[in-house]
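The values are calculated or read from the model by the stated rules, or taken from the named source; none is laboratory data. These figures come from a predicted structure and were not determined experimentally. All Cβ positions, glycine included, derive from the backbone under ideal geometry; neighbour counts span all protein chains shown. The accessibility values were calculated without ligands, DNA or RNA, using every heavy atom of the protein model including side chains. Shrake-Rupley method; radii C 1.70, N 1.55, O 1.52, S 1.80 Å.
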Amino acid sequence: GREAGARVVVAAWIDNDLLRSMTAYRRRPGGWWAKPTFRLQGDSLVPLEPRTRLAGVAEWARVRSRLVQAWRAAVRERQVRDVDSPVWQLNAAIFRALQRDVEAAGARLLVVRLPQKGQREASPAAASLAGMGLAVLDLGALLPERPERLFYVQDPHFNAEGHAWAARHITARLEALGWLHQ
């Protein structure tokens, strides 16, 4: 028999996560945090090491300048919606690698896009992942007519009711795939 372990992995993302995969540092309480970052070499993900990142004044300015951050976010926001862009190609490779790892562990992967407040449209990224053969659920395309009740008033993320709504849709998708009772 199969060893006990996960049969299904649900990986959820918000659109901003696709931008964050390109950012080597993130502000956290207590300072800046270096996080895993990759570059795409052919079809392979190559981890970037701290020595391969910008150094000195250039890195300080890149990490701390709000103007630079805003400009880069605007450029990447457009690139995330363009499935031919380097930003999307890197993210697609990350999702493919995740799928390979999940399958190698004997499980199945469901990728879920969580919309943020004001995002009522379907995601080109979700459609691209589905086209790559991944099981995808784009909750942005399923929002009810008046979705405001699913989000915090002062925050773009799901509140408790939004998380319950998302869980019902994720469960329904897993049942439709036949993955819950195997």
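With a Förster radius of 25 Å, plug the Cβ-Cβ distance of Ala130 and Ala160 into 1/(1 + (r/R0)^6) and report the FRET value to the nearest 0.05.
Values: r = 29 Å, r/R0 = 1.15.
Calculated transfer efficiency: 0.30.
Between rounded, prolate and oblate, where does segment 85-182 land on the alpha carbon gyration tensor, with a ≥ b ≥ c its root eigenvalues, rounded for a/c under 1.5, else prolate if a/b exceeds b/c? Write down the numbers at each step before the final one.
Details: a/c = 2.23, a/b = 1.36, b/c = 1.64.
The shape class here is oblate.
What ranking of Thr171, Thr37 comes out by heavy-atom accessible area, probe 1.4 Å, highest first? Before the final figure, lay out each step's value.
Numbers: Thr171 60, Thr37 10 Å².
Order by accessible area, largest first: Thr171, Thr37.
Could you please put His163, His181, His157, His169 in sequence from largest to smallest accessible area, using a 1.4 Å probe?
Numbers: His163 105, His181 160, His157 80, His169 60 Å².
If we order His163, His181, His157, His169 from most to least accessible, we get His181, His163, His157, His169.
At 0.36 nm per residue, and after removing the present C-alpha to C-alpha distance, how many nm does the segment from Val10 to Ala70 gain when stretched out fully? Mind showing how you got there, number by number?
Values: separation 60, 0.36 × 60 = 21.60 nm, distance 3.08 nm.
Residue separation times 0.36 nm, minus the Cα-Cα distance, leaves 18.5 nm.
Which order do the peptides 113-122, 95-104 come out in when sorted by mean C-beta neighbours inside 10 angstrom, highest first? Before the final figure, lay out the partial values.
On the way: 113-122: 16.7, 95-104: 14.5.
Ranked by mean Cβ neighbours within 10 Å, highest first: 113-122, 95-104.
Given a 1.4 Å probe and heavy atoms of the protein chains only, how would you sort Phe158, Phe38, largest accessible area at the top?
On the way: Phe158 10, Phe38 70 Å².
My answer, sorted largest first, is Phe38, Phe158.
Measuring from a point 7 Å past the Cα of His169 along Cα-to-C-beta, which residues in segment 83-111 have an amide N at less than 16 Å?
Once the point is set 7 Å along Cα→Cβ of His169, 110-111 turn out to lie under 16 Å by backbone N, inside segment 83-111.
Any chance you could list P(r) for segment 138-182, counting all Cα-Cα pairs in 5 angstrom bins from zero, rounded to whole %?
Final binned percentages: 5, 21, 26, 21, 12, 9, 5, 1, 0.
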